[in-house]
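Peer 1: Handing you a structure now.
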Amino acid sequence: MTASLPNSPNCRSSFSDSPTPITRNRPWSNFRAMTRAKSERTEWMSRGNTPILYWLKQGAGKSTLPRHPCDTASSAMFDFVVYLLYRTGSAIASALPLRFLFAVGRFLGFWAWLVSGKYRRLAERNVAIAFANEKSPRELHRLVRRHFQRLGANLLCSAKLTRMSPDKILQRIKIENIESMDSRFRAGVPVVLVLSHLGTWELFAQLMPKFVGYVRNASVYQKLGNPFIDEHVRRTRSQAGLELFDRQAGFEPVVELLRSGGGVGVLSDQHAGDHGLWAPFLGRLASTSPLPGLLA
């Protein structure tokens, strides 16, 4: 690979060491590369395999097409600036009282509800589907506003809660039915935990080792787009003993952990696209992750 400085007019990249060259200014080559990848998937299916197995084989990975060095340099600088702002905001939030953060978060969520017309309409559509004829339009309108307010409150409070010790967290929350999971672990039965993006779900990383730290605990996560923030989040989530498995790296380590009698948490409420399982949900079909079922 050869590359010149980002501000040079000759800034270019040649991926001669790649089996499928992807170039910036040759769309036909890019099209052929993508077609070849699609043909590989078709061939995999023709041998009697299923789309789910192909999804698992690939680790549900994103495209690994190489990026242009000009874009990479500017993107890295932008990511680092965003990371600094993120760390600064987190440090300020962690120094403030939790009740104050909750109130500020509700206020910011209210303003987000006012100005985010696109997401407000999306939320209104979703709650209309969820409650059908159970609630009036006025009640649905109020529910969406409260949703935005709670979202803002949870976001700000998470910045502080993730820095608190498990003992201090347990002074504010209540854990239910932990005995059920504990009995299975003590019997040597591996557990797949189906999680959702609900409330301050990040607390799972800190509280699981507190209650069932005698077995290996892990979570399958989606790598963040900002590598600096991603590394920081990984450190924060694993500081209490939780192991993290990047879903892009394949699932062999996850299977190995389950065979050892450990527990794995999977966030299963994300849209899985064409690779997902279409399951009935609130009277409609939704593409859900097949991973919990495959691991179980």
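Peer 1: Once R0 is set to 41 Å, what does the formula 1/(1 + (r/R0)^6) return for the Cβ-Cβ distance between His271 and Asp167, expressed as a FRET efficiency to the nearest 0.05?
Peer 2: The formula returns an efficiency of 0.65 here.
Peer 1: By the gyration tensor of its Cα atoms, with a ≥ b ≥ c the square roots of the eigenvalues, what is the shape of region 70-167: rounded for a/c under 1.5, prolate for a/b over b/c, or oblate?
Peer 2: Taking the square roots of the gyration eigenvalues as a ≥ b ≥ c, region 70-167 is oblate.
Peer 1: 5 Å is the cut-off here: which amide hydrogens, built 1.01 Å from N in the peptide plane, fall below it relative to Ala286, excluding neighbours closer than 5 in sequence?
Peer 2: Ala279, Phe281
Peer 1: What list of ³J(HN,Hα) couplings, whole Hz, do you get for region 104-116 from phi and the Karplus terms 6.51, -1.76, 1.60, once you set θ to phi - 60° and write x for glycine and proline?
Peer 2: With the stated coefficients, region 104-116 comes to 5, x, 4, 5, 5, x, 5, 5, 5, 5, 5, 9, 8 Hz.
Peer 1: Amide H neighbours of Gly265 under 5 Å, at least 5 residues apart or on other chains, H built in the peptide plane: list them.
Peer 2: Leu193, Ala218, Ser219, Val220
Peer 1: Which order, highest average first, do 265-275, 108-118 follow once you tally other Cβ atoms within 10 Å for each residue and take the mean per peptide? Please list the in-between numbers first.
Peer 2: Details: 265-275: 16.0, 108-118: 13.7.
In decreasing order of mean packing, 265-275, 108-118 become 265-275, 108-118.
Peer 1: Now, a different point. Go ahead and run the numbers for FRET between Leu285 and Ser136, Cβ-Cβ distance against an R0 of 25 Å, rounding to 0.05.
Peer 2: FRET efficiency, Leu285 to Ser136: 0.40.
Read the figures in this text as sums done on the coordinates, not as results from a lab. What you see is a predicted model, and the numbers here were worked out from it, not measured in a lab. When we count neighbours, we look across all protein chains shown, and the Cβ atoms used for this are built from the backbone with ideal geometry, even at glycine.
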